[in-house]
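Structure, as structure tokens:
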Amino acid sequence: MINDFIYDIPVRIYFGKDQLSNLGPELKKWGKRVLLTYGGGSIKRIGLYDKVIKELKAADFEIFELSGIEPNPRIDSVRKGAQMCKEHKIDVLLAVGGGSTIDATKFMAAGALVDFDPWDFFDVTKRVPVKKALPIVSILTLSATGSEMDCGGVISNPETKDKIGAMYPPMLPKASFLDPTNTFTVSPYQTACGAADILSHIFEVYFNVNLDLYMLDCFMEGLMKTVIKYTPIAMREPENYEARANLMWASSWAINGFIDGGKRQPWSCHPMEHELSAVYDITHGLGLAILTPRWMEYCLDQTTVSRFVQFGINVFGIDSCLEPMAIAHKAIEMLSNFFFKTLELKSTLTELGIDSTHFATMARKSVGGGTLKGFKPLKQQDVENIYKMCL
Ligand code: NZQ
Ligand code: ZN
């Protein structure tokens, strides 16, 4: 069955290497007082900070800065940013960085307009929805999360050991600048983790019980092939513009809502991974790479095999004459090889120093006390089993 859906993603994209002159005019639409947010300093090392400041000064903006946003961004950074917006009467926020910076900035923009603690947007007992936010513009420096073109964000609270995501339309960036050259300096490791994240965003939709929009299947398979083709090139040749450009645009389209096409199936690997990052502060994409092939093996049975067959044949070019189960296993094996051999990511949680101590709690939290109603319904025990398969 094809469900009705609304597609409405009004993010203006400035794509390419000579777009920064549009920054001033774009920001001016939203006001004069800008809060520039960024992470641990990579934007200074790559020279982007100076270029941005030059544009902002030339256009006469009043600039305020908040740096130090962590990978797996913390609620304290959000609190700080929201407070700064209030104190300095900020008109617009400019997030320069990867998903962590953009995510945190979204909730600063929302926190700026409320009187309560921004953690109330996440706290499972409250879950206050974001109804309004200050305008946000982003300059992306890492292809992975798609935060530049979606309305979601994921924030960690080290005190409660939670990492929780939420999506609200008011936090959609007004515009995003996607210059592939800004990703030339992304390390091979972060490039690989970014690729695993992009692929996972596609898998969460592709491996679905609603399978009717053939056009979107083809689109998703094209996105997957793009990531599989260009990630090793970007790792080998970090300044390969074609590779970086393909990954950048793929990251946005993997999660901007287009591929959903009315499929409302909840995600599976992401809730499981967020618990790993919450407790062990690991890189999101790495956690996904380790979990995904195990999750696939766990879900594979006679009711799901045809999806893996399509994936194996169309994405990895596996011989369609083989038995369906053989194709499915081969497809999962080829994905594992891609993650752990081609991209050289660590393949087990044990290698990250993680043991089963917290698995039961993490599994309980990831299913929210019920069932993950994804491709295959997963209860707490199922999630715990999948974590154990990753050891
Ligand atoms: O902090 P800085 O110094 O900027 O360094 C970062 C950071 O150490 C570095 N980096 C970024 N751009 C660089 C660079 N280094 C060199 N050159 C550049 N051009 O890379 C490191 C990782 O950055 P981060 O922003 O954490 O990575 P990513 O973009 O993968 O974001 C991950 C976060 O996004 C969340 C994840 O859970 C995680 O917290 N997600 C957000 C989503 C969304 N908004 O829709 C969806 C995703 O599924 C994901 O959950
Ligand atoms: Zn993700």
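The values are calculated or read from the model by the stated rules, or taken from the named source; none is laboratory data. Computed from a predicted model, the values in this text were never measured in an experiment. Cβ sites come from the backbone with ideal geometry, for glycine too, and all protein chains shown count toward neighbours. Side chains included, ligands, DNA and RNA excluded: accessible areas come from the protein's heavy atoms. Shrake-Rupley method; radii C 1.70, N 1.55, O 1.52, S 1.80 Å.
Which count do you get for residues in the stretch 353-378 that are farther than 24 Å from SER306 by Cβ and either of a type in the set (Lys, Arg) or open to solvent by 50 Å² or more (accessible area, probe 1.4 Å) (or both)?
Our first condition is that a residue be farther than 24 Å from SER306 by Cβ; within the stretch 353-378, this holds for 353-370.
The next check asks that each one be either of a type in the set (Lys, Arg) or open to solvent by 50 Å² or more (accessible area, probe 1.4 Å) (or both); those that pass are 353, 355-358, 361, 364-365, 368-369.
Total satisfying the criteria: 10.
This table checks each residue for (1) buried (at least 24 other Cβ atoms within 10 Å of the Cβ); (2) over 11 Å from LEU172 (Cα atoms); (3) touching a Pro at 6+ places or on another chain (Cβ under 7 Å).
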| position | (1), (2), (3) |
| --- | --- |
| LYS106 | yes, no, no |
| VAL124 | no, yes, no |
| VAL137 | yes, no, yes |
| LEU140 | yes, yes, no |
| ALA144 | yes, yes, no |
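Among ASP117, ASP150, which is the only one that is within 12 Å of ligand 1 (Cβ to nearest atom) and of a type in the set (Asp, Glu)?
On the way: ASP117 fails: within 12 Å of ligand 1 (Cβ to nearest atom).
Just a single option satisfies the conditions, and that option is ASP150.
Check ALA95, ALA59 and return the single one that is open to solvent by less than 50 Å² (accessible area, probe 1.4 Å) and within 16 Å of ligand 1 (Cβ to nearest atom). Before you say what the answer is, go through the steps one by one.
Values: ALA59 fails: within 16 Å of ligand 1 (Cβ to nearest atom).
Result of the check over ALA95, ALA59: ALA95.
Examine the stretch 252-274 for a residue that is modelled with pLDDT under 95, of a type in the set (S, T, N, Q) and part of a loop (DSSP other than H, G, I, E, B), and state whether such a residue exists.
Yes.
Could you list, ordered by first residue, the pairs with Cβ atoms under 9 Å in which the first is in the stretch 97-124 and under 26 Å from GLY368 (Cα atoms) and among the polar types (S, T, N, Q) and the second is more than 16 Å from ligand 2 (Cβ to nearest atom) and open to solvent by 20 Å² or more (accessible area, probe 1.4 Å), at least 6 apart or interchain?
As it stands, the answer is SER100/GLU70, since those pairs meet every condition given.
Tell me which residues, restricted to the stretch 202-214, are more than 18 Å from SER268 (Cα to Cα) and either in contact (Cβ under 8 Å) with a residue 12 or more places away in the chain or buried (at least 18 other Cβ atoms within 10 Å of the Cβ) (or both). Please lay out each step first, then the result.
First pass over the stretch 202-214, keeping only residues more than 18 Å from SER268 (Cα to Cα): 212-214.
Correct list: ASP212, LEU213.
Considering only residues that are more than 14 Å from LEU343 (Cα to Cα), near ligand 1 (Cβ under 10 Å from one of its atoms) and among the hydroxyl-bearing types (Ser, Thr, Tyr), look in the stretch 175-201 and name the one that is surrounded by the most Cβ atoms within 10 Å (Cβ to Cβ).
THR183
Can you tell me which condition PHE339 does not meet? The list is (1) open to solvent by 70 Å² or more (accessible area, probe 1.4 Å); (2) under 20 Å from SER277 (Cα atoms), and all the others hold.
(1) is the only condition that PHE339 fails.
Identify, please: which residue in the stretch 242-274 is more than 14 Å from ligand 1 (Cβ to nearest atom) and surrounded by fewer than 16 Cβ atoms within 10 Å (Cβ to Cβ) and is, among those, farthest from ILE164 (Cα to Cα)?
GLU242
Consider the stretch 9-28. How many of its residues are touching a residue at least 24 places away in the same chain (Cβ under 8 Å) and open to solvent by 20 Å² or more (accessible area, probe 1.4 Å)? Break it down into steps so the answer makes sense when it comes.
Of the stretch 9-28, the ones touching a residue at least 24 places away in the same chain (Cβ under 8 Å) are 9-17, 19-28.
Checking which are open to solvent by 20 Å² or more (accessible area, probe 1.4 Å) leaves us with 9-10, 12-15, 17, 19-22, 25, 28.
The number of residues fulfilling the criteria is 13.
Do you know which of the residues in the stretch 41-56 that are open to solvent by less than 20 Å² (accessible area, probe 1.4 Å) and under 15 Å from VAL186 (Cβ atoms) is nearest to ligand 2 (Cβ to nearest atom)?
ILE43
Just wondering, is there one or more residues in the stretch 29-40 that are over 22 Å from the mean Cα position of the chain (by Cα), closer than 20 Å to TRP253 by Cα, open to solvent by 10 Å² or more (accessible area, probe 1.4 Å) and touching a residue at least 24 places away in the same chain (Cβ under 8 Å)?
The initial filter retains those residues of the stretch 29-40 that are over 22 Å from the mean Cα position of the chain (by Cα), namely 29-35.
Checking which are closer than 20 Å to TRP253 by Cα leaves us with none.
Scanning the stretch 29-40, I find no residue that is over 22 Å from the mean Cα position of the chain (by Cα), closer than 20 Å to TRP253 by Cα, open to solvent by 10 Å² or more (accessible area, probe 1.4 Å) and touching a residue at least 24 places away in the same chain (Cβ under 8 Å), so the answer is no.
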